[in-house]
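Encoded as structure tokens, the structure appears first; notes follow it.
The values are calculated or read from the model by the stated rules, or taken from the named source; none is laboratory data. Just so we're clear, the structure is a prediction, and the values are computed from it rather than from any experiment. When we count neighbours, we look across all protein chains shown, and the Cβ atoms used for this are built from the backbone with ideal geometry, even at glycine.
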Number of protein chains: 2
Amino acid sequence: MAEKGRKILVAVDEGDESMYALKWCLNNVISENFKDTLILCYVKKPRAVYTSMDGKGYLFSPDVMASMEKYSNDVAQSVIDKAKRACKHLNDVKVEIAVELGDPRDMICEVAEKLNVDMLVMGSHGYGLIKRAFLGSVSNHCAQNAKCPVLIVKKPKSNGGNDKH
Amino acid sequence: MAEKGRKILVAVDEGDESMYALKWCLNNVISENFKDTLILCYVKKPRAVYTSMDGKGYLFSPDVMASMEKYSNDVAQSVIDKAKRACKHLNDVKVEIAVELGDPRDMICEVAEKLNVDMLVMGSHGYGLIKRAFLGSVSNHCAQNAKCPVLIVKKPKSNGGNDKH
């Protein structure tokens with residue numbers, strides 16, 4: 001076991017799988033004895049251009065845009081709050097928060113590199129089923145592109161039967 | 001940190017990267033305090049049919065076949081010996097060996113499932129450059145198909161400058 005504290009980045013999102021990955025990491029990787037630092041990273045997806053139009057090509061009003069923006073912030077806050085609650089029993093582990101805006105696949109790798117973390121932990125799915133079919137999985141991308149070791153945690157399918165993926 | 005000892009499977013092969021992954025795992029994941037079991041897994045590739053012919057379609061003699069078989073066993077033994085040497089400083093960690101024959105991508109996932117391991121650790125490359133271009137990376141396949149958490153460790157490019165990949 002490393003003598004110095006490690007910096008461990010956990011990518012969290014709205015999915016059950018990322019919360020499962022976080023909890024697995026807390027139980028199996030994080031060590032209070034070694035003064036690990038845990039960084040919870042959430043990436044907000046930017047509004048795509050087409051979302052400022054409805055299906056008929058009308059621009060959404062500034063009110064609608066503002067409420068979508070608020071919704072996005074609320075979701076971010078709720079994910080971070082939930083992740084922080086999962087960590088509240090840790091005494092000697094420093095928990096930091098990183099919220100970024102962009103494509104999760106690139107931003108997670110960038111944050112990992114910028115913060116020079118020792119390990120990146122994530123669930124195996126980071127998008128919904130449809131979007132994943134077009135974009136490929138976030139975890140695959142990060143496993144290939146992040147420079148640090150990447151731990152991909154899957155939520156077991158038999159675990160309570162409430163796996164949404 | 002988990003209270004019970006964990007079973008951690010490390011896939012080793014001829015490449016520098018898998019040995020780097022093993023060492024990283026010993027320093028950062030394996031814990032003697034928790035009576036972890038470390039399983040070193042090496043997968044021998046089966047002789048493809050075409051290797052029993054030379055370029056002109058003649059069958060290789062049984063002598064040549066036997067010496068290729070011996071070479072394959074020697075390589076397996078040398079990889080396992082090297083991996084065991086890297087673990088020799090561990091006192092309270094049980095080290096087990098699993099040598100299998102087959103496609104590494106499938107066999108590693110099968111061994112992980114059969115032995116019901118808590119984590120699979122591997123380098124990010126498991127084939128040479130050319131073969132990988134056709135088959136995709138072993139680690140990608142395992143990250144998608146293994147049922148347990150998968151930790152993919154890359155050898156940093158700047159580390160001594162002797163990265164063969």
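Brief remarks follow.
- Test: residue in segment A:50-65 that is in a strand (DSSP E or B) and at pLDDT below 90: yes
- Qualifying residue in segment A:34-43 (condition: more than 8 Å from chain B (Cβ to nearest Cβ), under 15 Å from B:N28 (Cα atoms), crowded, with 21+ Cβ neighbours inside 10 Å and not basic (K, R)): yes
- Candidates are the residues of segment B:74-87 that are free of Cβ contacts under 8 Å to residues at least 12 places away in the same chain and under 15 Å from B:V99 (Cβ atoms); the one that is farthest from the chain's Cα centre (by Cα) is B:D74.
- Residues satisfying the stated conditions in segment A:86-96, i.e. farther than 18 Å from A:D16 by Cα, in contact with a Lys or Arg (Cβ under 9 Å, 6 or more places away or on another chain) and surrounded by 14 or more Cβ atoms within 10 Å (Cβ to Cβ): A:V93, A:V95
- Near pairs, Cβ below 9 angstrom, 6+ apart or cross-chain, from segment B:110-123 (more than 10 Å from every other protein chain (Cβ to nearest Cβ) and farther than 19 Å from B:M19 by Cβ) to any residue that is part of a helix (DSSP H, G or I) and modelled with pLDDT of 95 or more: B:V117/B:V111
- Top-ranked residue of segment B:93-109 - restricted to ones that are aliphatic (A, V, I, L, M) and closer than 23 Å to A:P149 by Cα, ranked as modelled with the lowest pLDDT: B:V93
- In segment B:110-165, the residue that is modelled with the lowest pLDDT out of those that are closer than 30 Å to B:R6 by Cα and of a type in the set (D, E, K, R) is B:K155.
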